[in-house]
Amino acid sequence: MKTNATRQLDKAGIAYELREYEVDPDDLRAVKVAHQIGLPAEQVFKTLAVKGDKHGVVLAVVPGDQELDLKALARLSGNRSMELAAVSQLPSLTGYIRGGVTALACKKHYPVYLDESAILYATIAVSAGIRGTQILLAPQDYVAATGATLGAIARTPPG
């Protein structure tokens with residue numbers, strides 16, 4: 001199966017593997033996706049659209065078992081404050097729907113910020129641009145394909 005994200009990787013000559021999983025529209029959590037594709041949640045990265053007060057929309061990519069640290073992202077991206085984009089805005093901003101957002105072949109080019117923990121692994125998983133399919137690739141290849149900036153932007157959720 002080809003998606004715009006896989007076409008971008010093919011064009012760049014980047015090696016990847018696809019893994020499919022069963023979609024539960026009531027539970028799109030990355031932790032559940034990770035379990036289904038056989039990877040630990042910390043290696044399955046979710047992509048979040050975030051709006052900054054100074055520089056507009058950015059994409060934040062964080063491990064599935066973590067949450068985005070908005071203050072850390074603001075510092076890294078040169079914003080004073082950040083807020084998650086509304087789910088209803090995802091298609092118009094990115095061209096993707098919740099559970100299928102990826103920084104690869106996005107509708108518009110946005111700055112991408114990847115949590116630095118990604119480089120600890122030989123392989124990470126990101127959405128292929130549709131629910132039900134993940135792309136597995138080397139983190140350095142993902143950085144090359146997206147132009148991502150690495151930084152400490154994730155934190156352990158409370159509780």
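The values are calculated or read from the model by the stated rules, or taken from the named source; none is laboratory data. Everything quoted here is computed from the prediction, not taken from an experiment. Please note: Cβ atoms are built from the backbone with ideal geometry, for glycine as well, and neighbour counts cover all protein chains shown.
For the range 74-98, a residue qualifies if it is free of Cβ contacts under 8 Å to residues at least 40 places away in the same chain, closer than 17 Å to Gly56 by Cβ and of a type in the set (A, V, I, L, M), and the qualifying residues are Ala74, Met82, Leu84, Ala85, Ala86.
Looking across the range 92-115 at every residue that is assigned to a helix (DSSP H, G or I) and under 15 Å from the mean Cα position of the chain (by Cα), the one that is surrounded by the most Cβ atoms within 10 Å (Cβ to Cβ) is identified as Thr94. Can you name the number of the only condition in (1) over 22 Å from Gly13 (Cβ atoms); (2) at pLDDT 95 or above that Val126 fails? The one condition Val126 does not meet is (1). For the range 99-109, a residue qualifies if it is touching a residue at least 40 places away in the same chain (Cβ under 8 Å) and closer than 18 Å to Ala12 by Cβ, and the qualifying residues are Thr102, Ala103, Leu104, Ala105, Cys106.
Listed conditions (1) touching an Asp or Glu at 6+ places or on another chain (Cβ under 9 Å); (2) closer than 20 Å to Arg29 by Cα; (3) assigned to a helix (DSSP H, G or I) are all met by Leu136, apart from (3). Residues that are surrounded by fewer than 17 Cβ atoms within 10 Å (Cβ to Cβ), in contact with a Lys or Arg (Cβ under 8 Å, 6 or more places away or on another chain) and within 16 Å of Val101 (Cβ to Cβ) within the range 26-44 comprise just one, Leu28.
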